[in-house]
Amino acid sequence: MTANPAPSISIDSLTLAYPGKTVLDTVSLDIPRGKITVLAGPNGCGKSTLLRAIRRLHRPVSGRVMLEDIGVADLSEKALARHIGLLAQNPSAPEDMTVEELVRLGRYPHQTMLQRWDSQDTRALEAAMAGTGVTSLRDRPLGSLSGGQVQRVWIAMVLAQETEIVCLDEPVNHLDLAHQLDCLDLVRQLNAEFGRTVVLVLHDLNLAARYADQLVFMRDGGVAAYGTPDDLMTQDLIARVFNVDAMIITDPAYGRPLCLPLRTC
Amino acid sequence: MTVPRARSARQSFAVTIAGLSALLITAMLVSVTVGYRLYGLDQLYHAVFAFDGSETATVLVNLRLPRAILAPMVGAGLGVAGVLVQTLSRNRIASPDTLGLNAGASLAVVLASATLGITSLTGLSLVAALGALLTSMLVFAIAAGAGGISPIRIVLIGVTIAGLGQSVVQLILTSNEAQMQNLLFWLAGSFVDRPMALAINGLPFIAAGAAIAFALVRPLDALQADDATAVSLGVPVSLVRIGCFLAISLLSGAAVAMAGPVSFVGLVVPHAARRLAGQRHGPLMLAAALIGAIYTTLADVLARFVIYPVEAPVGAVTAVVGGLVLVLLLRGRAA
Amino acid sequence: MTPFLPALTATRAPLLLSIMTIATAVLALSGVAFGSSWIPIDRVAAVILGAGDKTQSLIVLQLRLPRVVIAILAGGGMAVAGFLLQKITRNSLASPGVLGVIDGGALGVVIFLAALSDKSNTLVTSIVFQPLAAMAGATLGIAAVFLLSGSQSVSAVRLLLFGIAVGAVAKALVMVMMLVGPIYRTSQAARWIAGAVNEVNWTEIQITALLLLPLLALALAVARKLPPADLDEISARSVGLDLPVFRLLVFAVAAALTAVSVAFVGAIGFVGLMAPHLARLIVGRSMVAGIIGSFLLGAFMLVGADLVVRVLFSPTEVPAGTVTAIIGAPYFLFLLMSKQRHDG
């Protein structure tokens, strides 16, 4: 991973609408290569939609998403799946599916009708399971795992996809505090060790500030502000984006900005 | 460490398949020789390879042999169709019956012969497949219109559509009794008195359905996860769904054309197959085809004895078994 | 939805019920008037009041009136059973047809016919016991659904799935029993399963009426306790209702009502689903008005369905049950879809 000034993804005046409702309104944003970008904002601001639009799960009305010089719209499904992996919000798989069977699915875009499972696939499968620490669970059915374990397995599946970009849509929803930290530490480790570009949607502002290299605040289908957490975590901006009067302090352990919500405004 | 592991899994699966195949052949031989009258294997050999027109040979070749061949074809088709339906609806209690496909195919057959005068076996097989296809699309369209393909509701919708189809069939039959007498034969769900021509006519449909199903093995694996995940893995979800619909319709349409509605085979068999072959669709569907074939063949043999000396329809036998399995699945919260 | 609406409909309920009664009576009279020969309404009235010529009396009293009367009783009874089931399960999709009641009843009847016929295929016992057999089967059917579903019975759709499973087993057993039996039993049973109101005689009507009336009275009696049954178990107990016991009682009444209703006419699908639903829409949330309204609408529907098959398919006797199913199934799907939207 040599330093490359070109952004990994550039979003160019993207507009996206459901019938009767504009969800994203001319959004432009660069996702820096090899960094963790966190999308945050109040409910219904369009952060999940933006993530899904990056992965072309929604077709935009206008505007485009570029991977370097290729438009996301021009790639085939499988080619796109070799560039971007997505962990959906509340993903689901049969309870009696085993861990290994699920992680194997990550290799789907790398196979064709003629080219079956090969040593490259096996290597990626093992690396993904080892990297997320689920190797020992490989024959366990998903239904027998804890919520935190299941989330690790899903991350392993996305990892096995071996994409340079990984999108995660609220990966720590429904996890307890320990598993939240566990999961996000894992994401940061993958970012650091494998140089993956990560785009995260997170609800918890303080977690966002702690793990983000670039933080993006969204509101009403547009980008309200983006920059480093230190730049964005200001009393003024949080009042404007979240309608909350907050005190911003520096957390004594990690030196990251910490938002102490006081009241709605 | 992983290579020997994979090999041993593959070997044990090969043993499973070999065992199932042996069981299937045994079941078919039992089906030919055991019934109201018992025959020996030597008599079967003579009847097939040195047909002499004797009563024994005639019974064996014209009555017993067709059902010993039809039953496994129908069972294999329904077994694979069951796996497809369950994956497509992400619902472990779905089956061609609970989606109303059997009723839809039966209705199409009755309508076609009542209004269009179609009587040829090929024509009726086609019509049955078409009926199944339209029903499956109707059920999924209603479910999608209701705001998403929720597993349980799709079954309720399918069962209701099935009830509707049965009522219309009943209406046509009672208002058109003389003409319909010959069609009652389609609706009984049985292998009795089925000519060998049905098997020959059904074969291309079963083969085509199975070919589509096995071509979709890997996208189907990915489709077990939710839609967003499947799409992000690069699965052309809509295309795979259409292929699935086509395969399910061909398989269950052909099954109805050959035997009439044989209930709940497509519900029971995939569960057994999953226990033996796991979740991956290649081995899973292969196992489902074999288990379906064995199950249906043995159910057909059993149907000859449950109310001996009269024969019960095999559909009644599979319905009782299937209903009980459904209760067990519901209690075990498989769905 | 708006707060004053229940009060408004409550005051209107007597008026609405009167209109429904008149409509049902008019339809019933037309049911008697229509047929292979038209008999003017005034002649029908005359015959019923004891006048009229001999041919007309024969047609009216022996052929047409019985099927209309049984349609009123059976349709009404089933609708009330549906009302009770929908209330007590707090599930607008519940009905006798999907909770194993009708299939269980069918099994009871075929077993009764098969077990108690002698070699010459005549019943060794009185036909009076057929409703009792249906009742036993129906009760066992619904009991099986609830015992098997256990704690899952609180979930509306899961309960229906158990109903489907139990129904499938019962149906298959009925099929087998019909094959065991000779032609007489088969045709008796087949008529039963299709759900037809023709070929009913006055004896059967008397049996039905004698059993149905006390059950309807019982239904009205339990109606008073139905509102607190809307609550969860603990809240219901805190207002003084032992819900599990009460629930059993209501199930028993509903099962008995269904069984008696269908004992001679057979499985009439979907009346028990549609009628209570529409009744609640029309008369509002009052329990007593709901029960009376359900009875009237159920009667109206079955008399109407029978009239439709007589007018459209004459001279073939198409079972009225097919008409109710063809109208009822789309209605059920509609409910399913709109319920889904509400659930989110």
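Each value in this text was obtained by applying a stated rule to the coordinates, not by laboratory testing. Remember, predicted model here, so these are calculated numbers, not experimental data. Glycine gets a Cβ as well: all are built from the backbone with ideal geometry, and neighbour counts include every protein chain shown.
Return one number: the angle in degrees, 0 to 90 and rounded to the nearest 10, between the long axis of the Cα atoms of helix A:177-194 and the longest principal axis of the Cα atoms of chain A.
70 degrees
With everything on Cα atoms, drop me the angle between helix A:119-131 and the longest principal axis of chain A, reported from 0 to 90° to the nearest 10.
Tilt relative to chain A: about 50 degrees.
Any idea what the relative contact order of region B:73-331 is, in percent, if you count C-alpha pairs under 8 Å spaced at least 6 apart?
34 percent
Of A:238, A:84, A:54, which is the most mobile in a GNM of chain A whose springs link Cα atoms less than 10 angstrom apart?
Its mean-square fluctuation being the largest, the pick is A:238.
Once R0 is set to 51 Å, what does the formula 1/(1 + (r/R0)^6) return for the Cβ-Cβ distance between residue A:77 and residue B:22, expressed as a FRET efficiency to the nearest 0.05?
Calculated value: 0.75.
Show me, bin by bin at 10 Å from 0, the whole-percent P(r) of region C:258-304 based on Cα pairs.
28, 52, 18, 1
Could you compute the FRET efficiency for residue C:45 and residue C:248, with r as their C-beta to C-beta distance and R0 at 60 Å, rounded to 0.05?
0.85
If you count, for each residue, the other Cβ atoms within 10 Å and average over each peptide, how do A:86-95, C:206-215 line up from highest to lowest?
A:86-95, C:206-215
Quick check on packing: order B:293-306, B:45-58, A:10-23 by the mean number of other C-beta atoms within 10 Å, highest mean leading.
Averaged packing, sorted descending, gives the order B:293-306, A:10-23, B:45-58.
Can you order the peptides B:73-82, C:266-275 by their average number of other Cβ atoms within 10 Å per residue, highest first?
Per-residue Cβ counts within 10 Å, averaged per peptide and sorted highest first, yield B:73-82, C:266-275.
Does region C:16-121 classify as rounded, prolate or oblate by the C-alpha gyration tensor (a ≥ b ≥ c root eigenvalues; a/c under 1.5 gives rounded; else a/b over b/c gives prolate, otherwise oblate)?
oblate
For region A:9-264, compute Rg over Rh where Rg is the Cα radius of gyration and Rh is the Kirkwood radius from the inverse mean 1/r over Cα pairs.
Looking at region A:9-264, the ratio lands at 0.98.
At a threshold of 8 angstrom on Cα-Cα distance, excluding pairs fewer than six apart, so keeping six or more, what relative contact order does chain A reach in percent?
With pairs under 8 Å counted, the relative contact order is 24 percent.
Using the Cα centre of region A:9-264 as origin and beta-carbon charges of +1 (Lys, Arg) and -1 (Asp, Glu), tell me which of A:103, A:235, A:46 is placed farthest towards the positive end of the dipole.
Selected residue: A:46.
At a Förster radius of 30 Å, what calculated FRET efficiency corresponds to the Cβ-Cβ distance of residue B:120 and residue B:242, to the nearest 0.05?
The calculated FRET efficiency here is 0.60.
Say we join alpha carbon atoms closer than 10 Å with springs in a Gaussian network model of chain A; which of A:234, A:98, A:250 then has the biggest fluctuation?
Result for chain A, Cα springs under 10 Å: A:250 fluctuates most.
Can you give me the distance in nm between label points at residue A:231 and residue A:120, each placed 7 Å from the Cα along the Cα-to-Cβ direction?
Each label point is offset 7 Å from its Cα along the Cβ direction, giving 3.8 nm.
Which value in Å does the Kirkwood hydrodynamic radius of chain B take, with 1/r averaged over all unlike C-alpha pairs and then inverted?
Hydrodynamic radius (Kirkwood, Cα only) of chain B equals 20.4 Å.
Among the helices of chain B (complete DSSP H runs), which have Cα atoms covering no less than 24 Å along the helix axis and a Kyte-Doolittle mean of at least 1.6?
Length and hydropathy pass: B:121-145, B:196-215, B:237-259, B:314-331.
Of the DSSP beta bridges with both residues in chain A, give the percent that are antiparallel, rounding to the nearest 5.
Restricted to chain A, the bridges split so that about 60 percent are antiparallel.
How well do other chains shield peptide B:214-226, expressed as the mean number of their Cβ atoms within 10 Å of each residue Cβ?
Mean inter-chain Cβ contacts per residue within 10 Å come to 4.
Any idea which of B:38, B:70, B:14 is furthest toward the positive side of the dipole for chain B, if Lys and Arg beta-carbons carry +1 and Asp and Glu beta-carbons -1?
The one lying farthest along the dipole's positive direction is B:14.
Between B:263, B:249, B:120, where does the largest GNM mean-square fluctuation fall for chain B, given springs only between Cα atoms within less than 10 Å?
B:120
Can you tell me what the convex hull of the Cα atoms of the protein assembly as shown projects to on average, as an area in nm²?
Result: 46.7 nm².
Among DSSP beta bridges lying fully in the protein assembly as shown, give the percent that are antiparallel, nearest 5.
Antiparallel bridges make up about 65 percent of those DSSP assigns within the protein assembly as shown.
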